[in-house]
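Colleague: Take this structure, written in structure tokens, and hold onto it; I'll ask about it next.
The values are calculated or read from the model by the stated rules, or taken from the named source; none is laboratory data. Everything numeric in this text was worked out from a predicted model, so none of it was measured. Note: ideal-geometry Cβ built from the backbone for every residue, glycine included; neighbour counts use all protein chains shown.
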Amino acid sequence: MLIAAVAMFDSRAAFNPSASTAPGDVGSRWYPFWAASIMGVASLIVAYRALTTPQAIEGVFEGSRSLFAVLKIAVPMLVYALLIGGIGFRTTDFTYRILPPFGFYLATALYMGLFAWWIGRYKIWWVAAITVAFPIVIFAVFEIGFRVSLPKSFLYTSGLLPF
Amino acid sequence: MEVFGQLAGGFAVALHPINMAMLFVAVVLGLVIGVLPGLGGTSGVAILLPITVFIAHGSLPGSDATTAIIFLAGIYWGALFGGVITSILFNIPGEPWAVVLLFDGFPLAKRLGKPGLALASSFVSSFLGALVSTILFTFFALPIALKALEFGPAELFAVFALSFATLIGLGAEAPMKSLAMLALGLLLAAIGFDTITGEQRLNFGQISLLSGISFVPVTIGLFGIGEILASAEEQGIGFVENISARLGLRDVLEAVRELRKRLRLVLSNAIIGFFFGVLPGHGATAASFLGYGLARQYSKNKENFGKGEISGIMGPQAAADSAGVASLVPMITLGIPGSPTSAVIMAGLFIWGLQPGPVLFIQHPDFVWGLIASIYLGHLLTFVLCLLAVPLLAMIMRVPYAIITPFIVVISIIGSYSLNNSMLDVFITVVFGVIGYWLRKMKYPLAPLVVALVLGDSTERELRKALIAGHGSPLYFFNSGLSTVLLVLAIVLVLIPLVRSIRARRRGVSPTAGAGSAAAHP
């Protein structure tokens, strides 16, 4: 079960550190270099064992359904994080934005609503209620209660919305 | 006795209204976290850690760092108790340490029709286990800390090395995987400025990586998001079982009677759990399995195990709760976390501006003794709440998946963002969430990674201070008797799995099976 995955994981684990740590002076580089080497050796041994011991030939995921179940959570989560901050390039001269930041509250509303609608399959007014209620509760607790300032949207910076 | 005076002072701190209020909130939150299958004690503590920054800095009237640690520790106590409720009632463990309760807790509730007794037995034994452990904590903490005050860099490094060695040598997973995770943790901790020379390293020219990768977003990702993804895969199992979750006084009395019959088992398991919990990397989960094994080993009617034997509930619960409490001992006294959860709490101490370790006892006695007193109070509170609120807690399981999952993600993201107001931290959380899920899937242990991440900097600092003091000679470590003993012990611990696998190979068993058998608890 582990074969493909461990090999993949380990090649990443073993390559990454050796690329990053220039074997240099015994000062600040010494410690990470050895940490990386230990990790590389240990993961190679793990990979070797995984490859040499006979194992049941089946996928890492039990069928495509469970992979899909994980992706159903993972992909919206990534999109959600991107929505909050927006996507763009920043060079020293200018900032180029592909997607403007939606801020925490708008993104949360979309995200919670999506789940209620897509995975929960609730009626539309329930979806609407969740979409509105959660950001408001979070606003009350964090922005007012704990005085934590969460990322604001591009509509906030242009003065159109209070969040 | 000096201890009693200190403890009384601690109770005065812990009984302060704001501290009591936060303890109550924390315990309730902990119970809820414990009941929710997608959210464990470690992730609950990690997600709520950023909020404690505001508590520690006085956002609430009268709150300070002591309130913050009482809050964090309270979540842990709640989760220790709460995880078993779903194991017993629904056959779904709410927490990793509640997995053992599936063997006997669920059968007792379902097959023998005594859910109340099963729950009550688990609660009384948890409570007694925690009480024993807290008493040991009270008396052991100060002597250990005073001894630790005399440590120089060599001894400190030896202690760190020993704790890493226990993670490898006594870990539940394959030792090589533990070693790899340990090294990864040290490596991640090394990112950013070097603490001694101030050189930058491993930042690939990125300014944002100069201050290093913060511990909190990484842990929120590894545990919070990682668990969400892992539980997403198990969705659809569902629970159709519907056991009445009522808990009467009769059940409690019966549980106390059963407890009296098993007092020796519970007490000895609690003491073993304590010493197990003090060892780094072995929190409640490993102790609960050990406790089950011991309960079974010394039972007269072994055949009843797995069919609803009460010893099979009380044994592991006493050990698990005891170990949970004990895992704070090395954190407070030496600055070495005894479990992933206490690693997260320790990160909290750093963020609140405290240095975990022996100096705490000198500089902040209120903090330490307030915490210890709150452990007594917290467990009493948890115990009472559990007896009263089981039906309510069982209802939490009905909160639909489509709401709870995104909600946990949202809270995790608030947590990782608000600590440094940084979107980079949010992305770190998301990325480490995926990594954490993958590691879980590949059966890599997360404890060494987290412990190494939180200890990485201090380990390196002490190592290099010792080397500088010894003019680059590693023999410096063997100048003092204590550090020699500790280092030799560390080397022996690392060699244990190696010896075991060589032996297994001689017997003609495959080496991984040999290494794995260490993991296969009964």
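Colleague: Within segment B:276-306, how many residues are surrounded by fewer than 16 Cβ atoms within 10 Å (Cβ to Cβ) and assigned to a helix (DSSP H, G or I)?
Modeller: 3
Colleague: I need a count of the residues in segment B:258-270 that are buried (at least 18 other Cβ atoms within 10 Å of the Cβ) and not polar (S, T, N, Q).
Modeller: Of the residues in segment B:258-270, 6 are buried (at least 18 other Cβ atoms within 10 Å of the Cβ) and not polar (S, T, N, Q).
Colleague: Here is a follow-up. How many residues does segment B:361-392 hold that are within 22 Å of the chain's Cα centre (by Cα) and farther than 18 Å from B:A12 by Cα?
Modeller: 4
Colleague: Condition test on B:V32, is it closer than 22 Å to B:W369 by Cα and surrounded by fewer than 21 Cβ atoms within 10 Å (Cβ to Cβ)?
Modeller: Details: closer than 22 Å to B:W369 by Cα: no; surrounded by fewer than 21 Cβ atoms within 10 Å (Cβ to Cβ): yes.
Taking the combined requirement at face value, the residue does not satisfy it.
Colleague: Right, B:L487: farther than 30 Å from B:G41 by Cβ, assigned to a helix (DSSP H, G or I), within 11 Å of chain A (Cβ to nearest Cβ) and at pLDDT 75 or above or not? Walk me through how you get there before you give the answer.
Modeller: On the way: farther than 30 Å from B:G41 by Cβ: yes; assigned to a helix (DSSP H, G or I): yes; within 11 Å of chain A (Cβ to nearest Cβ): no; at pLDDT 75 or above: yes.
For B:L487, the condition - farther than 30 Å from B:G41 by Cβ, assigned to a helix (DSSP H, G or I), within 11 Å of chain A (Cβ to nearest Cβ) and at pLDDT 75 or above - is not met.
Colleague: While we're looking at this one, here's another question. What number of residues in segment B:438-452 are away from chain A (no Cβ under 11 Å) and either small (G, A, S) or surrounded by fewer than 24 Cβ atoms within 10 Å (Cβ to Cβ) (or both)?
Modeller: Qualifying residue count, segment B:438-452: 3.
Colleague: Suppose we filter B:G82, B:G62 for residues that are in contact (Cβ under 8 Å) with a residue 40 or more places away in the chain and in a helix (DSSP H, G or I); which single one remains?
Modeller: Working: B:G62 fails: in a helix (DSSP H, G or I).
Among B:G82, B:G62, only B:G82 is in contact (Cβ under 8 Å) with a residue 40 or more places away in the chain and in a helix (DSSP H, G or I).
Colleague: Answer with yes or no whether B:L162 is touching a residue at least 40 places away in the same chain (Cβ under 8 Å) and away from every other protein chain (no Cβ under 14 Å). Break it down into steps so the answer makes sense when it comes.
Modeller: Numbers: touching a residue at least 40 places away in the same chain (Cβ under 8 Å): yes; away from every other protein chain (no Cβ under 14 Å): yes.
Against the criterion (touching a residue at least 40 places away in the same chain (Cβ under 8 Å) and away from every other protein chain (no Cβ under 14 Å)), B:L162 qualifies.
Colleague: Sort out which residues of segment B:139-158 are out of contact with any Leu (no Cβ under 6 Å at 6 or more places or on another chain) and assigned to a helix (DSSP H, G or I), and write them in order of number. Spell out how you get there, then give the answer.
Modeller: Here is the first cut: in segment B:139-158, the ones out of contact with any Leu (no Cβ under 6 Å at 6 or more places or on another chain) are B:139-147, B:149-154, B:156.
Residues satisfying the conditions are B:F139, B:F140, B:A141, B:L142, B:P143, B:I144, B:A145, B:L146, B:K147, B:P153, B:A154, B:L156.
Colleague: Please list, ordered by residue number, the helices (runs of 4 or more DSSP H) wholly in segment B:333-437 having 3 or more residues that are more than 9 Å from chain A (Cβ to nearest Cβ) and buried (at least 18 other Cβ atoms within 10 Å of the Cβ). Show your work before the answer.
Modeller: Details: elements: B:340-352, B:359-363, B:365-396, B:401-420.
Correct list: B:340-352, B:365-396, B:401-420.
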